[in-house]
Amino acid sequence: MSTDTNGPNDGGTEKIDVRVPVALLEEIDEEYERRGYTSRSEAIRDALRDWINPPVQLSDETLEDLAVSREQRERGETRSLEDVKDKYDVE
């Protein structure tokens with residue numbers, strides 16, 4: 001293993017060896033280019049970050065509530081925060 005002092009956040013990076021099945025590596029190569037990554041390493045680092053800190057996923061109930069809210073806004077049934085503050089004279 002080697003340490004690269006030019007890594008992200010000036011914390012350096014460490015090289016690791018990982019064995020993956022050939023079919024998986026072929027999929028990684030296709031996907032990282034499709035997603036605009038400049039290298040396998042960049043794509044794999046990003047995937048590992050998501051594994052450590054998974055992105056927030058909204059529940060089906062929350063997604064449905066958001067859809068209802070969007071429809072209400074489109075029908076003009078909502079008010080801005082500023083309008084409500086003015087109406088009720090709050091800061």
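If you plug the beta carbon distance of residue 27 and residue 65 into 1/(1 + (r/R0)^6) with R0 = 25 Å, you get a FRET efficiency near 0.10.
Give, rounded to the nearest 20 debye, the magnitude of the charge dipole that the chain has about its Cα centre when Lys and Arg contribute +1 at Cβ and Asp and Glu contribute -1 at Cβ.
Once rounded to the nearest 20, the dipole reads 180 debye.
Taking the structure as given and computing semi-axes √(5λ) of the Cα gyration tensor in Å, which label from (i) 33, 17, 11; (ii) 46, 20, 12; (iii) 23, 17, 9 fits? Identified label for the calculated read-out: (ii). Placing unit charges on the Cβ atoms of the charged side chains and taking the dipole of the chain about its Cα centre, the candidate lying farthest along the positive direction among 24, 56, 39 is 39. Of the trypsin sites (Lys or Arg not before Pro) in the stretch 20-57, the ones in a loop by DSSP (not H, G, I, E or B) with at most 16 other beta carbons within 10 Å are 35.
FRET efficiency for the pair residue 81 and residue 58, taken as 1/(1 + (r/R0)^6) with r the Cβ-Cβ distance and R0 = 22 Å, rounds to 0.50. Stretching residue 90 away from residue 38 to a fully extended chain increases their span by 13.6 nm, per 0.36 nm per residue minus the current alpha-carbon distance.
Values in this text are rule-based calculations from the coordinates and carry no lab data. Values in this document were obtained by computation on a predicted structure and should not be read as measured data. Please note: Cβ atoms are built from the backbone with ideal geometry, for glycine as well, and neighbour counts cover all protein chains shown.
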